[in-house]
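Have a look at the structure below before the remarks.
The values are calculated or read from the model by the stated rules, or taken from the named source; none is laboratory data. Worth saying up front: this structure is predicted, and the values here are computed from it rather than measured. Glycine gets a Cβ as well: all are built from the backbone with ideal geometry, and neighbour counts include every protein chain shown. Areas reflect the complete protein model, heavy atoms only, side chains present, ligands, DNA and RNA absent. Shrake-Rupley method; radii C 1.70, N 1.55, O 1.52, S 1.80 Å.
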Amino acid sequence: MFTGKRFRKSLPHRVGSRAGVLIALLLAFGCKSVDEKTSIDFTLPGVEMNEGAVALQVAVVQVDDDQQEIIEEFWSRLDTMKLSLADRQVADRNGLRYAVMSPQCPAILDQLLKRRELDISRMTDIQKKMASKGLLESPSRLLHHQRIENDSGEEFEIPVSDYYQQKKWSIVDKRGRMESGSGELVKAFMQLSTFPQNDGSVRLVVEPEIHHGQPQQRYDVSQRTFLFSESQIQSRIEALKFAIDLQPGESLVIAPTVQTNPRTPSSASRSVSQNSATSIGDLFFAQTPLAATVESIPAQQDREQARLIESAFAELDKQFASSADSDANAEITTTNPPPESSVKPLCRFLMVRLIHTQASDLFDRSSSAKRLTTINHQ
C-alpha cells in the first residue's frame, strides 16, 4: 500500500517534469525557426526580355570643327561595304553616309568622345574655384545616350537634331527626282525597328522622319477609350529607308558627308541659307546656330512682357550708372569681355549598337521570368 501511494504521488511529478522539458524544447526550436524565417530577404524574380526582343545602345555624338581629321580617321576604320550600293548612293545624294563598326571599337573612338578641357579664361571667379576642386567639367560629347529593349517589329524613334524655327529641306529619291518641303518647329528623328533572324543576327530597319508644325490636339479610340495626345506633323522619308543585318556587338553609324557644316557662316550667308532648301544630311546632323528649341520661341504676349521688363531694367541701370563713381565707371568700361571661343560645333553622328537578343529557351520554358512592364525604354 505504501508503494502504491508513493507511485501515485510521484507519477504526476514525473509527467509534469517531462512535459516541462518538452515545452522548453519546443519553445527553443520554435523561436529559432521563427528567427530564421524572419531573417530571409524577400526578392522579386529576375525580369527578362520578351522572346525575340533586342537590346540596343543608342548614342548621338557631337563633333567640333577641330575634330574633323579625327572623325575622318575614325570613318576610315569602319566598314562601308556591308550596306548595299543602292542605299549608299541615295544616301550620298542626300548628304548622308552609312558604315558598320565591328565589336572591337577602334581606339580613336575614345579620342573622339573625350571631353574637351575646360577653358578657364571664360569663367568667373566662382567657376574657377569650382573647376580647381573638380566640380566642373566640360559638356559631354554624347548628346543622347540610351539603352533600349525593343520587341520584334516594334518601332522607336531617336531625336538627332534640335528644333529649327523655320526650315526648308530637299530630298533626292532613288530615281534622282528631287522633292522639297518646309515647315516651322522642324526637328529630325530616326525611326528604327528590329527583326531578329535565325542565324543570331538582327535586321535593323532605319527610316528618317521629320516632325514639323505647331503641336495639335489629336484624338484616337483604343479599347473603348478616347485617347488624347498633342503632336506635330510626322513626315517619313520613304526614299531613305534601308535595312542592315547586325551581329551582336556591331554598330551602325550614320553621319553627314564630309564638310557638311563648315565654320559658322556670316549673317548674310545665314539669311541665304534660311531661304534655300537644306539637304537631309544638314537637316539631321549639322550643328547650325539657326537651331532653336521650342521653349525659346515665346508667344507674342511673352515677347511683349519680356520687352517691358528689359526696358525697366535698362532705366535702373542708367540711374545706377549716373550715381556711381567716375573711376568705377572708367574701370568697367575698360574691362574687356572674355574672348569668344574659336571652337565651333561641326556636326553630329548617330551610333546604334546591337548588344544581344533574347532567343527562345527550348530546354526550360517554365523557369523564364515574366516582364513587369511593356515599356521598352530603360
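Of everything listed in (1) open to solvent by 70 Å² or more (accessible area, probe 1.4 Å); (2) over 30 Å from Glu51 (Cβ atoms); (3) in a loop (DSSP other than H, G, I, E, B), the single unmet condition for Ile126 is (3). Could we say that Lys82 is open to solvent by 60 Å² or more (accessible area, probe 1.4 Å), among the basic types (Lys, Arg) and either at pLDDT 95 or above or over 29 Å from Thr257 (Cα atoms) (or both) here? Answer is no for this residue. Gly153 meets each of the listed conditions (1) under 25 Å from Gln62 (Cβ atoms); (2) assigned to a loop (DSSP other than H, G, I, E, B); (3) not polar (S, T, N, Q) apart from (1).
Among the residues of the range 165-196, which ones are surrounded by 15 or more Cβ atoms within 10 Å (Cβ to Cβ), charged (D, E, K, R) and in contact (Cβ under 8 Å) with a residue 60 or more places away in the chain?
Within the range 165-196, Lys167, Lys168, Asp173 meet the criteria.
Could you check how many residues of the range 79-105 are within 23 Å of the chain's Cα centre (by Cα) and of a type in the set (A, V, I, L, M, F, W, C)? Adding up the residues that qualify gives 5.
Of the numbered conditions (1) surrounded by fewer than 15 Cβ atoms within 10 Å (Cβ to Cβ); (2) outside any strand (DSSP E or B), Ser161 satisfies every one except a single condition; which is it? Failing condition for Ser161: (1).
Is it fair to say Asp87 is open to solvent by less than 40 Å² (accessible area, probe 1.4 Å), of a type outside the set (Val, Ile, Thr) and modelled with pLDDT of 60 or more?
yes
Here Val172 fulfils each of the conditions (1) touching a helix residue (DSSP H, G or I) at 6+ places or on another chain (Cβ under 9 Å); (2) under 24 Å from Val60 (Cα atoms) apart from (2).
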